[in-house]
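Encoded as structure tokens, the structure appears first; notes follow it.
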Amino acid sequence: MSLDADDIKNIAKLARLKIDDADVADYATNLSNILDLVEQMNSVDTEGVVPMSHPLEVIQRLRDDAVTESNQRDDFQSVAPATQDGLYLVPKVIE
Amino acid sequence: MSDYHEKTLAELSTLLQTGEVSSSALTEYFLSRIKQQDAELNSFITIAEDQAMAEAAEADERLKSGNTSALTGIPIAHKDIFCTRGIKTSCGSRMLDNFISPYDATVVNNFKQAGVITLGKTNMDEFAMGSSNETSFYGAVKNPWDTKRVPGGSSGGSAAAVAARLAPAATGTDTGGSIRQPAALCGITGLKPTYGRVSRYGMIAFASSLDQGGPMAQTAEDCALMLNAMAGFDEKDSTSIEKEVPDYTADLNHSVNGLRIGLPSQYFDEGLDDNVKAVIQTAIDQYRDMGAEIVDIELPNTSLSVPVYYVVAPAECSANLSRFDGVRYGYRCEDPKDLYDLYTRSRGEGFGAEVKRRIMVGTYALSAGYYDAYYLKAQQLRHLISDDFKKAFESVDVIMGPASPSTAFNIGEKAEDPISMYLSDIYTIAVNLAGVPGMSVPVGFVDGNPVGLQIIGNYFEESRLLNVAHQYQQQTDWHRQIPDSFK
Amino acid sequence: MNYEAVIGLEIHVQLATKSKIFSGASTAYGAEPNTQACAVDVALPGVLPVLNKEAVHMATKFGLAIDAEVAHRSVFARKNYFYPDLPKGYQISQFELPIVGKGHIDIELEDGETKRIGVTRAHLEEDAGKSLHEDFAGMTGIDLNRAGTPLLEVVSEPDMRSAAEAVAYMKKLHSLVRYLEICDGNMQEGSFRCDANVSVRPRGQQEFGTRAEIKNINSFRFVERAINHEIERQIDLIEDGGEVVQETRLYDANKDETRSMRSKEEANDYRYFPDPDLLPVVIDDKYLDEVRGELPELPDQKKQRYMDEFDLSAYDAGVLTGSRELADYFETVAAKTGDAKLSANWVTGELAARLNKEEVEITDSKVSAEEYAGLISRIKDNTISGKIAKEVFDAMWNGEGSADEVIESKGLKQITDTGAIEAMVDEVIANNPEQFEQLKGGKDKLMGFFVGQVMKASKGKANPAQVNELMRKKLNS
């Protein structure tokens, strides 16, 4: 699988990563190499094999519906880049 | 002059319990070792001196009152992936360089409950993505056995710190070998428990279905003591297992006579360095001498584990790392001109190249039209890899092989070639995909560089792994070797 | 050309749990910004989700109530996109394996016919926070209190053919979730939100036209208007030789128009995959039986019972069961008065009209069911006439006391003293000799006139039945 500069730019956009133009070619090479490595998966026929998303065959445990958390806003917002009146601030969002 | 750094956790515990040393004295001793000697290694990102001394004073009170655990008063280091309240938790990334965690990870909290002191936070590959500790925003960590070489990764700081005895023990995390490989390359003992045995709450996620925290220490016995504190069900982690935690020190002295050890042919193939192979073979011979039975086995899908891992881990990480967006905490770029700019520059500048590569691989593998070919296929193969282990454990008690195909490589040697770096994890990755526990135990040296024997067990058989490793350590002293410049 | 609309609705039902779907933070509405956003909701590094039992319980109730297959195994997935009110950069939702599968909801059409609307699926997911666009020095403020609130997204088949049908479906669903007590139904607070997929096609054409999605229409009235508006827009577009483009549109209630949401236009690739932090949710038959046993009487069953048991018309039974609160109100009144039919008339009549006029919900009625029953009992025992009852009700609504108190203080008690009524009848006959003769001569229409005059003379307090009887007696004497 070979990715070109446009592919890299599209993926970077989807992942919200700014990639300097100068680095795009490098990313294209490295990502293509990684995908080539990954292609080895195709050497095995997996028809009918159940996909495994967890190492253990366990099921979701359910939590009782109880309020256990209290207000920690000041604590959490002490590490925030920008807040005002208890809100997190971001550049204006246009809908 | 004291020699506390030559003591194991178990020995220090005795000194503390008998009052021969105070926690404050011990903590000060290790803090001063770190301050004097870490400049050579760069194994710590943060030294938590004030908090450590305060915790030590509390531990001394506990020791006086008798309300203690085996670890009360022991100072250790935490990998900087574990959230520690009031202490910077960077995950080795510029993204979190300014992040003071407002809460403690469950593992950290468990240690606090046991009266353990946090000396500081150890260096690591950025977001645990790497096998050499070279991707850290805080610079490479050096291997104490040869500072031109890497300590392995991603728990490279923890491994180097313990190997240099800057801390008697440390925590690590292992997603594809990140405890076992650096333990091997630094000549210490490290254990990756069964997936679900140690809570992941507060452990910054890399690949959620693979990540597992574990102990890194000098000996198997020390790992057992550490695991006693770390392991257990956590209601805050849905993937944590509700299963009783045994006393991991209880079985240490069992004999290995009659133990069936499986050697997978795939772990001794042409990729393995001949000298490393010879050292591993010697260790296995020793087990045979101790009465173990050696069986040849197959783990046929081993070679697929690297490709599968490089789909599953990047896919999961691509979503796990989306929360680092410059909005609520962490790095935010200067003067974002709009929301898109805020996202892309904060993330583009906050993450290093390897992290960005993996996020992009994962993003691509999950994107429309590719999901089945990559992610679904990988999940299917994961099943086959897992079945390999299930089948193997029908006929053997443990599996043994090398933890790494070579000893520590030179800093910079593989940094420009991600693929060769990825392939160095060939013997450790399958264990994470299957979720079984694995250890690395020091078993010798090649040209002065440590070699680690990997021991893999069946699900929840940490006690057996620790027993098998401990019995070997009763017969050998590889685990007691200290690099010359840190003696 | 003659066009037909094709409409499917996606309705977000906010589940009425105390805590969030994946954290122990409160879901209470209206708190100070970010004071109910805990570590999990803020998505601090390292935090993990744990599923709320009650959310599963409520989704199961819903599934059973719409006769759907409740999945024995359902899976949570991550839906990936970046937005500042989505702290993790992904929403935990369900994709391939939702908890509720295919089911159906029956609606009543204007002509009285019943139409079955298919429900494709219903899945559990977490809500996002809120973006506040007021000016914070040119910035947008983010409040994550709502982040992590449990939602059940109910997706219908494209089975509706008019805005009226869509509203009927939405009302039925609204009523159902209230019956099940899984949602407070408060549309103003966003507890019940609707997105509509609308397309048009020439009547008779099989394949669907290109659809537009209208986001966030949060009242029944707006749904009808927004859909009608969108249908018109699409037809105009086609008639003018244009083409409908697949897009997301936002309904602006102030301007009564839909407009394209450019921010959502960028092709989304949500990269769904199973959330590795959560395990499969497994539901066994025993649990399903337990939940089935807990289900209350549902609107359709209740309606049938009202028709069978109380001999109510389909229409009245339908109105009364339209909401659980109204049905509960009615049943309280009926039980207290012992006359279901009379109670039904008065609940669907005077009370409903008043609630409608004052735009008040039944739960906020100024006359409680007990008080209303007191009024109806006085009608039933002939203390007052229906006409007087309306006057009494007005006074009750205005807080002037119970029915008995109003009747007493205003002296509205019906006159049942035969002597007194007879005196009034005689007086009216005496004052209208000509008309009385005509009545006697067979002009039956005049009976009404005389009864009316007597009622007027009694200021409405005479018992009309007695007046009638006395008049007949006079005629035959």
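The values are calculated or read from the model by the stated rules, or taken from the named source; none is laboratory data. Just so you know, these numbers come straight off a predicted model, no measurement behind them. Every residue, glycine as well, gets a Cβ built from its backbone with ideal geometry; the counts of neighbours run over all protein chains shown. The area values use the complete protein model at the heavy-atom level, side chains included, leaving out ligands, DNA and RNA. Shrake-Rupley method; radii C 1.70, N 1.55, O 1.52, S 1.80 Å.
Determine which single condition C:ALA373 fails, assuming it passes every other condition in (1) more than 22 Å from C:ALA334 (Cβ to Cβ); (2) of a type in the set (A, V, I, L, M); (3) assigned by TED's automatic domain parsing to the domain that holds C:THR348.
C:ALA373 satisfies all of (1) more than 22 Å from C:ALA334 (Cβ to Cβ); (2) of a type in the set (A, V, I, L, M); (3) assigned by TED's automatic domain parsing to the domain that holds C:THR348 except (1).
Test of understanding: among B:PRO215, B:PRO193, B:PRO182, which residue is away from chain C (no Cβ under 14 Å), without any contact (Cβ under 8 Å) to a residue 60 or more places away in the chain, more than 16 Å from B:SER43 (Cα to Cα) and open to solvent by less than 10 Å² (accessible area, probe 1.4 Å)? It would help to see each step written out before you state the result.
Numbers: B:PRO193 fails: without any contact (Cβ under 8 Å) to a residue 60 or more places away in the chain; B:PRO182 fails: more than 16 Å from B:SER43 (Cα to Cα).
Every option except B:PRO215 fails the conditions.
Considering only residues that are open to solvent by less than 10 Å² (accessible area, probe 1.4 Å) and in contact with an Asp or Glu (Cβ under 8 Å, 6 or more places away or on another chain), which ones fall in the range C:51-79?
Within the range C:51-79, C:ASN52, C:ALA55, C:GLY63, C:PHE76, C:ALA77, C:ARG78 qualify.
Output the strands (runs of 3 or more DSSP E) that fall wholly within the range C:1-104 and possess 1 or more residues being of a type in the set (Val, Ile, Thr), or say none.
Values: elements: C:3-14, C:76-80, C:90-94.
Because the criterion is at least 1 residues that are of a type in the set (Val, Ile, Thr), the strands (runs of 3 or more DSSP E) in the range C:1-104 that meet it are C:3-14, C:90-94.
Test of understanding: among C:GLU157, C:GLU189, which residue is farther than 30 Å from C:GLU239 by Cα and open to solvent by 10 Å² or more (accessible area, probe 1.4 Å)? Show your work before the answer.
Values: C:GLU157 fails: farther than 30 Å from C:GLU239 by Cα.
After applying the criteria, what remains is C:GLU189.
Picking from B:PHE137, B:PHE206, which residue would you name as being outside any helix (DSSP H, G or I), open to solvent by 10 Å² or more (accessible area, probe 1.4 Å) and either among the aromatic types (Phe, Trp, Tyr) or touching a strand residue (DSSP E or B) at 6+ places or on another chain (Cβ under 7 Å) (or both)?
On the way: B:PHE206 fails: open to solvent by 10 Å² or more (accessible area, probe 1.4 Å).
Going through B:PHE137, B:PHE206 in turn, the sole match is B:PHE137.
With (1) under 16 Å from the mean Cα position of the chain (by Cα); (2) open to solvent by 40 Å² or more (accessible area, probe 1.4 Å) as the list, and B:ARG480 as the residue in question, which single condition is left unmet?
For B:ARG480, the failing item is (1).
At pLDDT 95 or above, out of contact with any His (no Cβ under 6 Å at 6 or more places or on another chain) and among the charged types (D, E, K, R) - does that describe any residue in the range B:362-379?
Yes, the conditions are met somewhere in the range B:362-379.
Yes or no: the range C:393-403 includes at least one residue that is among the hydrophobic types (A, V, I, L, M, F, W, C) and at pLDDT below 90. Show your work before the answer.
Here is the first cut: in the range C:393-403, the residues among the hydrophobic types (A, V, I, L, M, F, W, C) are C:393, C:395-397, C:403.
Still in the running and at pLDDT below 90: none.
For the range C:393-403, residues among the hydrophobic types (A, V, I, L, M, F, W, C) and at pLDDT below 90: absent.
Run down B:SER346, B:SER322 and say which single residue is polar (S, T, N, Q) and at the interface with chain C (Cβ under 8 Å from one of its Cβ atoms).
Values: B:SER346 fails: at the interface with chain C (Cβ under 8 Å from one of its Cβ atoms).
So the residue among B:SER346, B:SER322 that is polar (S, T, N, Q) and at the interface with chain C (Cβ under 8 Å from one of its Cβ atoms) is B:SER322.
Test C:ILE227 against the criterion of being of a type in the set (A, V, I, L, M), under 17 Å from C:ALA5 (Cβ atoms) and open to solvent by 30 Å² or more (accessible area, probe 1.4 Å), and give yes or no.
Criteria not met by C:ILE227.
Of all residues being closer than 27 Å to B:THR68 by Cβ and within 14 Å of another protein chain (Cβ to nearest Cβ) in the range B:238-267, which is least open to solvent (accessible area, probe 1.4 Å)? Just the residue, please.
Step by step, filter the range B:238-267, then rank; the result is B:SER240.
Residue-wise test of (1) within 30 Å of C:SER93 (Cβ to Cβ); (2) open to solvent by less than 70 Å² (accessible area, probe 1.4 Å); (3) in the same structural domain as C:VAL40 (by TED's automatic domain parsing); (4) at pLDDT 95 or above.
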site: C:GLU239; (1), (2), (3), (4): no, no, yes, no
site: C:TYR251; (1), (2), (3), (4): yes, yes, yes, no
site: C:PRO276; (1), (2), (3), (4): yes, yes, yes, yes
site: C:GLY318; (1), (2), (3), (4): no, yes, no, no
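Among the residues of the range A:49-66 satisfying the criterion of being open to solvent by 70 Å² or more (accessible area, probe 1.4 Å) and more than 8 Å from chain B (Cβ to nearest Cβ), which is modelled with the lowest pLDDT?
So in the range A:49-66, the residues open to solvent by 70 Å² or more (accessible area, probe 1.4 Å) come out as A:50, A:57, A:59, A:64.
Filter once more, so that each one left must be more than 8 Å from chain B (Cβ to nearest Cβ): A:57, A:59, A:64.
Working: A:GLU57: 87, A:ILE59: 95, A:ASP64: 98.
Applying the filter and picking the extreme gives A:GLU57.
Residue by residue through the range B:251-289, note down the ones that are within 25 Å of B:ASN301 (Cβ to Cβ), not charged (D, E, K, R) and not in a loop (DSSP other than H, G, I, E, B).
Correct list: B:ILE261, B:GLY262, B:LEU263, B:PRO264, B:SER265, B:GLN266, B:TYR267, B:PHE268, B:VAL276, B:ILE280, B:GLN281, B:ILE284.
Kindly indicate which of C:GLU108, C:GLU126, C:GLU96 is open to solvent by 50 Å² or more (accessible area, probe 1.4 Å) and closer than 30 Å to C:PRO274 by Cα.
On the way: C:GLU108 fails: closer than 30 Å to C:PRO274 by Cα; C:GLU126 fails: open to solvent by 50 Å² or more (accessible area, probe 1.4 Å).
Result: C:GLU96 is the single residue among C:GLU108, C:GLU126, C:GLU96 that is open to solvent by 50 Å² or more (accessible area, probe 1.4 Å) and closer than 30 Å to C:PRO274 by Cα.
Just checking, how many residues over the range A:67-95 are at the interface with another protein chain (Cβ under 7 Å from one of its Cβ atoms), open to solvent by 20 Å² or more (accessible area, probe 1.4 Å) and assigned to a strand (DSSP E or B)?
Here the count works out to 1.
Among the residues of the range C:187-205, how many are touching a Gly at 6+ places or on another chain (Cβ under 7 Å) and among the small types (Gly, Ala, Ser)? Let's see the steps before the verdict.
Residues of the range C:187-205 that are touching a Gly at 6+ places or on another chain (Cβ under 7 Å), as a first pass: C:191-192, C:197, C:199-201.
Cutting the leftovers down to among the small types (Gly, Ala, Ser) gives us C:191, C:199.
Looking only at that region, the number is 2.
Here are C:ALA43, C:ALA25, C:ALA31: which of them is surrounded by fewer than 23 Cβ atoms within 10 Å (Cβ to Cβ) and closer than 30 Å to A:GLN72 by Cα?
Details: C:ALA43 fails: surrounded by fewer than 23 Cβ atoms within 10 Å (Cβ to Cβ); C:ALA25 fails: surrounded by fewer than 23 Cβ atoms within 10 Å (Cβ to Cβ).
Step by step, each of C:ALA43, C:ALA25, C:ALA31 is checked, and only C:ALA31 is surrounded by fewer than 23 Cβ atoms within 10 Å (Cβ to Cβ) and closer than 30 Å to A:GLN72 by Cα.
Those residues that are among the aliphatic types (A, V, I, L, M), closer than 25 Å to C:HIS133 by Cβ and more than 7 Å from chain A (Cβ to nearest Cβ), I need them from the range C:12-57; list them, please.
As a first pass, look at the range C:12-57 and keep what is among the aliphatic types (A, V, I, L, M): C:13, C:15-16, C:21, C:25, C:28, C:31, C:37, C:39-40, C:42-44, C:47-48, C:50-51, C:55-56.
In the following step, the residues that additionally are closer than 25 Å to C:HIS133 by Cβ were identified as C:25, C:28, C:31, C:37, C:42-43.
Residues satisfying the conditions are C:ALA28, C:ALA31, C:ALA37, C:ALA43.
Just to be sure, is C:ARG225 outside any helix (DSSP H, G or I), assigned by TED's automatic domain parsing to the domain that holds C:TYR169 and touching an Asp or Glu at 6+ places or on another chain (Cβ under 7 Å)? Even if it seems obvious, please write down each step before you answer.
Details: outside any helix (DSSP H, G or I): no; assigned by TED's automatic domain parsing to the domain that holds C:TYR169: yes; touching an Asp or Glu at 6+ places or on another chain (Cβ under 7 Å): yes.
No, not satisfied.
Which of the residues spanning the range B:350-366 are more than 14 Å from chain C (Cβ to nearest Cβ) and in a helix (DSSP H, G or I)?
Residues of the range B:350-366 more than 14 Å from chain C (Cβ to nearest Cβ): B:352-354, B:356-358.
The answer is B:ALA353, B:GLU354, B:LYS356, B:ARG357, B:ARG358.
Return yes or no: is A:ALA12 at pLDDT 95 or above and open to solvent by less than 10 Å² (accessible area, probe 1.4 Å)?
Answer is yes for this residue.
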